[in-house]
Amino acid sequence: MIKFFRKIRQNLLSEGKTGKYFKYAIGEIVLVVIGILIALSINNWNEQRKTNKREQNLLSALKQEFIHNQRELQTVIEINRNNIEGAGEFASILSPKETTLSDLEIAKYWDKAFRQEAIFRPSLGVLNEAISSGNLSIIKNTELRNMLSSFDAELQQLRKQEETVFNFRLECYQSLRNSGNFRKILDNVMETETWYTLSSSPFENSNKALLQSERFENDIVLFIGTSVYLEKKFLIPLENRMGETIQVLNSEIND
């Protein structure tokens with residue numbers, strides 16, 4: 001092709017058609033420039049297509065991760081509510097007067113309030129990898145990028161409150177150590193479960209004294225209060241934020 005154009009130019013020069021030569025040369029330059037622009041456009045289109053595909057794959061993976069984590073969070077919210085309810089029932093039977101409740105009944109109150117911890121530990125493999133690798137930048141939606149990049153900061157705030165709840169939970173256990181018998185709790189609530197091999201407690205002291213402990217009342221009230229605060233100020237808002245994020249992810253995914 002280059003030889004063909006060169007031959008045409010040489011013929012124009014040999015025939016003394018200088019004006020036509022320059023016009024032809026300019027036209028040839030324009031054609032070359034147009035060809036280069038077309039090639040660049042095709043290359044840019046291919047690169048953009050690849051980037052869009054990467055973005056869609058990332059959005060789909062993030063959506064699945066957030067849906068999974070939202071379900072986990074809902075489970076934590078349910079556990080926290082059960083803890084609040086159980087601790088509230090436990091607090092209602094505390095009294096300076098000697099109780100008529102049996103150790104079995106006391107153990108059931110304890111078990112409902114303290115068997116499970118309300119701790120949210122999400123799976124963040126996709127999000128963390130996207131942030132650390134810089135792939136979050138391929139997401140065109142600025143609002144969505146901000147929502148994703150701020151998620152870790154929200155989790156850090158949640159964890160601080162979870163730690164506060166956990167500390168008051170430990171205080172309740174400390175009260176039990178001081179005023180009661182944890183082995184008798186296990187004897188009465190574990191039933192046929194055999195994760196431990198201890199026999200029944202040989203001590204005569206029961207857990208009835210725990211119900212007369214003012215310190216335990218303080219501890220369990222603080223446990224309830226911090227658990228309620230955990231739900232209202234952290235768990236529910238985070239669940240709402242995750243729901244909003246999933247909605248935005250849905251809107252950005254091309255089905």
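Here, each number is a calculation from the coordinates, and none is a lab measurement. In this text the structure is predicted, and so the values were computed from the model without any measurement. Glycine also receives a Cβ, built like all others from the backbone with ideal geometry; neighbour counts cover every protein chain displayed.
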Exercise for the section: Using the charge dipole of segment 107-149 (Lys, Arg: +1 at Cβ; Asp, Glu: -1 at Cβ; taken about the Cα centre), state which of Ile119, Ile131, Met147 has its Cα farthest towards the positive end. Expected result: Ile119
Exercise for the section: Run the numbers on segment 65-252 and let me know its relative contact order in percent, using alpha-carbon pairs under 8 Å that are six or more apart. Expected result: 37 percent
Exercise for the section: Provide the descending list of Cα extents for segment 65-252 along its principal axes, expressed in whole angstroms. Expected result: 68, 34, 23
Fill in the blank from the handout: Rounded to whole angstrom, the alpha-carbon centroid of segment 124-172 lies from that of segment 53-104 at a distance of 19 Å
Fill in the blank from the handout: Residue separation between Leu170 and Ser41 times 0.36 nm, minus their alpha-carbon distance, gives in nm 40.0 nm
Practice task
Work through the residues other than Val248 whose Cβ is under 13 Å from its Cβ and net out their charges, Lys, Arg +1 and Asp, Glu -1.
Solution key: +1
Problem - Computed over segment 25-135: relative contact order in percent, which uses C-alpha pairs under 8 Å that are six or more apart - result: 34 percent
Practice task
Please sort by residue number the trypsin sites (Lys or Arg not before Pro) in segment 108-162 whose DSSP state is loop and whose Cβ has at most 16 other Cβ atoms within 10 Å.
Solution key: Arg115, Lys140
Problem - Chain lengthening between Glu78 and Leu101 when straightened (0.36 nm per residue, less Cα-Cα) - result: 5.5 nm
